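Read the structure below first, then the notes.
The values are calculated or read from the model by the stated rules, or taken from the named source; none is laboratory data. This one's a predicted model, so the numbers in the text were calculated from it and none came from an experiment. As a convention, Cβ positions derive from the backbone with ideal geometry for all residues, glycine included, and neighbour counts pool all protein chains shown.
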Ligand code: AVI
């Protein structure tokens with residue numbers, strides 16, 4: 001029987017549990033991609049970024065380093081650099097020497113974590129003012145009043161924009177345009193379409209880390225919902241959906257099974273799937289159009305020699 005001690009204790013936790021249950025009861029069932037990122041999930045994602053098959057992180061880092069001077073020239077005056085989903089603030093270290101902003105603002109849903117990271121950044125870059133803002137970047141972000149309106153560069157690396165639906169991505173781009181303000185800009189990393197084998201290997205690595213990352217969402221759900229998912233009963237499935245230009249990740253039931261939680265249950269047939277993530281791969285010209293539609297003006301893009309990944313500067 002489900003463990004009733006796992007019943008949510010606060011009304012926010014109760015609402016969250018309701019939303020999770022609703023998604024599990026859909027056909028096909030789905031889990032919001034945000035459930036990947038509990039403590040273990042963040043560790044697994046870091047391990048993914050170091051996998052030989054997962055090219056985006058190292059390709060983007062190499063681009064930021066190699067093109068730093070050109071990026072800085074394109075950006076011009078940068079008073080404050082504002083990173084969305086800053087996490088450990090690792091990537092911005094590559095940009096700071098070239099951009100030389102007065103101030104760095106790290107925005108992340110994990111407030112304590114990003115505070116620690118910006119403090120460390122301040123030690124590594126004496127003279128740099130730093131500020132941590134705890135916020136969910138999918139809603140409009142408000143910065144402390146002391147962050148100047150002029151000369152803002154919003155930084156959104158990692159091709160995380162690809163994990164939103166195209167409509168969600170447009171909403172986010174418009175919010176970034178508002179945050180950057182008149183005369184500001186956006187520096188964003190996007191993953192590009194490429195050979196299916198390269199894409200699929202990046203999301204189904206030989207060491208099985210991405211599979212573990214995918215299955216870990218079930219353990220996170222057990223913690224939030226009090227459900228009794230058995231990760232071993234689920235197979236990791238990742239493929240490129242050509243028609244929608246996206247990697248899809250699913251969890252597929254290895255056998256007929258039932259999942260229970262306080263107040264609900266769902267039966268899964270053998271082979272039935274739960275959709276856990278999309279990762280859109282926008283062709284560069286299409287993404288440039290999206291930026292224009294979101295209200296950005298001139299855009300400049302840098303890609304690696306394989307044209308696998310792009311870093312784009314768009315003026316607000
Ligand atoms: C965070 N995000 C950009 C990753 C991606 O590539 O879509 C998440 C990920 N999922 C599986 N591997 C990595």
Among the numbered criteria (1) touching a strand residue (DSSP E or B) at 6+ places or on another chain (Cβ under 8 Å); (2) surrounded by fewer than 16 Cβ atoms within 10 Å (Cβ to Cβ); (3) touching a residue at least 60 places away in the same chain (Cβ under 8 Å), which one does residue 182 miss?
(1)
Taking the range 216-235 only, how many residues are over 18 Å from the mean Cα position of the chain (by Cα) and not in a loop (DSSP other than H, G, I, E, B)?
12
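Every residue, every condition in (1) crowded, with 17+ Cβ neighbours inside 10 Å; (2) more than 16 Å from the ligand (Cβ to nearest atom), yes or no:
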position: 203; (1), (2): yes, no
position: 226; (1), (2): yes, yes
position: 242; (1), (2): no, yes
position: 267; (1), (2): no, yes
position: 279; (1), (2): yes, no
position: 283; (1), (2): no, yes
position: 286; (1), (2): no, yes
position: 309; (1), (2): yes, no
position: 314; (1), (2): yes, yes
Would you mind stating whether residue 64 is within 16 Å of the ligand (Cβ to nearest atom), farther than 22 Å from residue 164 by Cα and in a helix (DSSP H, G or I)?
yes
Name the residue, out of 59, 49, that is within 13 Å of the ligand (Cβ to nearest atom), within 17 Å of residue 202 (Cα to Cα), touching a strand residue (DSSP E or B) at 6+ places or on another chain (Cβ under 9 Å) and modelled with pLDDT of 95 or more.
59
Just to check your reading of the model, which residue among 101, 8 is surrounded by 14 or more Cβ atoms within 10 Å (Cβ to Cβ), over 23 Å from the mean Cα position of the chain (by Cα) and at pLDDT below 95?
8
Subset of the range 20-42 that is assigned to a helix (DSSP H, G or I) and within 15 Å of the ligand (Cβ to nearest atom) - its residue that is farthest from residue 264 (Cα to Cα)
42
Scanning the range 176-198 for residues that are under 21 Å from residue 156 (Cβ atoms) and part of a helix (DSSP H, G or I), the one nearest to the ligand (Cβ to nearest atom) turns out to be 176
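Conditions tested, residue by residue: (1) without any contact (Cβ under 8 Å) to a residue 24 or more places away in the chain; (2) part of a helix (DSSP H, G or I).
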{"residue": "210", "(1), (2)": "no, yes"}
{"residue": "214", "(1), (2)": "no, yes"}
{"residue": "237", "(1), (2)": "no, no"}
{"residue": "243", "(1), (2)": "yes, no"}
{"residue": "258", "(1), (2)": "yes, no"}
{"residue": "266", "(1), (2)": "no, no"}
{"residue": "275", "(1), (2)": "no, no"}
{"residue": "291", "(1), (2)": "no, yes"}
{"residue": "311", "(1), (2)": "no, no"}
Out of all the residues in the range 3-12, is one or more assigned to a helix (DSSP H, G or I) and in contact with a helix residue (DSSP H, G or I) (Cβ under 6 Å, 6 or more places away or on another chain)?
no
Quick one: is residue 287 touching a strand residue (DSSP E or B) at 6+ places or on another chain (Cβ under 6 Å), in a loop (DSSP other than H, G, I, E, B) and modelled with pLDDT of 95 or more?
no
Identify all residues within the range 121-171 that are under 17 Å from the mean Cα position of the chain (by Cα), farther than 18 Å from residue 184 by Cα, more than 16 Å from the ligand (Cβ to nearest atom) and assigned to a loop (DSSP other than H, G, I, E, B); write none if there are none.
135, 139
Six or more apart or on different chains, Cβ atoms under 6 Å: show the pairs whose first residue is in the range 28-39 and touching a residue at least 40 places away in the same chain (Cβ under 8 Å) and whose second is in a strand (DSSP E or B) and within 12 Å of the ligand (Cβ to nearest atom).
31/276; 33/277
Of all the residues that make up the range 67-88, how many are modelled with pLDDT under 95, away from the ligand (no atom under 14 Å from the Cβ) and either touching a helix residue (DSSP H, G or I) at 6+ places or on another chain (Cβ under 7 Å) or farther than 20 Å from residue 151 by Cβ (or both)?
0
